[in-house]
Amino acid sequence: MRTFMEDLQEATEYHGHLCGGQILGVRMARAGLGALGIDDPKAFRDLVVYVECDRCLTDAIGTVTNCKLGKRNLKWMDYGKSAATFLNTQTGKAVRVRTTRYFAAPEGADLVEFFNAIPDEEMFEFTAVKVHYRPEDLPGKPLDRMTCPACKEEVTDGRQVVRDGTALCKACAEGAYYDTGEDA
């Protein structure tokens, strides 16, 4: 297993700067991997991680675990929480790791020194969980494809929504995050 400082350096380079969120994310990732007995996440192919926020710690977790959205083994759950669930898809074993409270280093403190002085048991709560997922949610080639009859765009992996007996993409069925036409 890599050292904490090696993981932190890689995460910081990827993220662009050192901050408390990077240190917290590296610590959380290492704790989650340890709970599942994964020593070498770069070689372990059966890990899926669910992150619950889109903040700095998410970049660190992805870097340390070698999980990425594009590889479909990093899942973003928009909960706004400093938490992540680490799932071994081979065994089904999963652990959710969350921070016990908000941690902030005093002004001018050495961030690494501050965060590393807090033991995992004080910083994190570990909960064994069962993750509910479909085969379409796992890494690999799409298992399902369809074309939305309204916008003519392809939808993969069962992400369509059925409205009045018609399968549509989520944007057409529920409204998109963007506008087209005159409002654009």
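Looking across segment 56-73, just one residue is open to solvent by 20 Å² or more (accessible area, probe 1.4 Å) and of a type in the set (A, V, I, L, M), and that is Leu69.
Criterion first (surrounded by 10 or more Cβ atoms within 10 Å (Cβ to Cβ), under 22 Å from Thr58 (Cβ atoms) and not polar (S, T, N, Q)) does Ala84 satisfy it? In short, yes. Taking Arg134, is it without any contact (Cβ under 8 Å) to a residue 24 or more places away in the chain and either farther than 21 Å from Leu36 by Cβ or basic (Lys, Arg) (or both)? For Arg134, the condition - without any contact (Cβ under 8 Å) to a residue 24 or more places away in the chain and either farther than 21 Å from Leu36 by Cβ or basic (Lys, Arg) (or both) - is not met. When Thr180 is tested against (1) at pLDDT 95 or above; (2) farther than 15 Å from Leu47 by Cα, just one condition goes unmet, and that condition is (1).
Count of segment 18-61 residues, restricted to those that are assigned to a helix (DSSP H, G or I) and in contact with a Gly (Cβ under 8 Å, 6 or more places away or on another chain), is 6.
Scanning segment 94-127 for residues that are open to solvent by 50 Å² or more (accessible area, probe 1.4 Å) and part of a strand (DSSP E or B) yields Arg96, Arg98, Glu125, Phe126, Thr127.
Scanning segment 1-17 for residues that are assigned to a helix (DSSP H, G or I) and of a type in the set (Ser, Thr, Tyr) yields Thr12, Tyr14.
For segment 128-142, a residue qualifies if it is at pLDDT below 95, open to solvent by less than 60 Å² (accessible area, probe 1.4 Å) and in a loop (DSSP other than H, G, I, E, B), and the qualifying residues are Leu138, Gly140, Pro142. Summed over segment 36-55, residues that are surrounded by 20 or more Cβ atoms within 10 Å (Cβ to Cβ) and not hydroxyl-bearing (Ser, Thr, Tyr) total 6. When each of Thr91, Thr166 is tested for being surrounded by 13 or more Cβ atoms within 10 Å (Cβ to Cβ), more than 18 Å from Arg27 (Cβ to Cβ) and of a type in the set (Ser, Thr, Tyr), the lone residue that passes is Thr166.
Residue by residue, here is whether (1) surrounded by 11 or more Cβ atoms within 10 Å (Cβ to Cβ); (2) touching a residue at least 40 places away in the same chain (Cβ under 8 Å); (3) farther than 30 Å from His17 by Cα; (4) not acidic (Asp, Glu) holds:
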| position | (1), (2), (3), (4) |
| --- | --- |
| Asp144 | yes, no, yes, no |
| Ala150 | yes, no, yes, yes |
| Thr156 | yes, no, yes, yes |
| Gln160 | yes, no, yes, yes |
| Glu174 | no, no, yes, no |
| Asp179 | no, no, yes, no |
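The values are calculated or read from the model by the stated rules, or taken from the named source; none is laboratory data. None of these values were measured; they are calculated from a predicted model. Please note: Cβ atoms are built from the backbone with ideal geometry, for glycine as well, and neighbour counts cover all protein chains shown. Side chains are part of the model used for accessible areas, which takes the heavy atoms of the whole protein and leaves out ligands, DNA and RNA. Shrake-Rupley method; radii C 1.70, N 1.55, O 1.52, S 1.80 Å.
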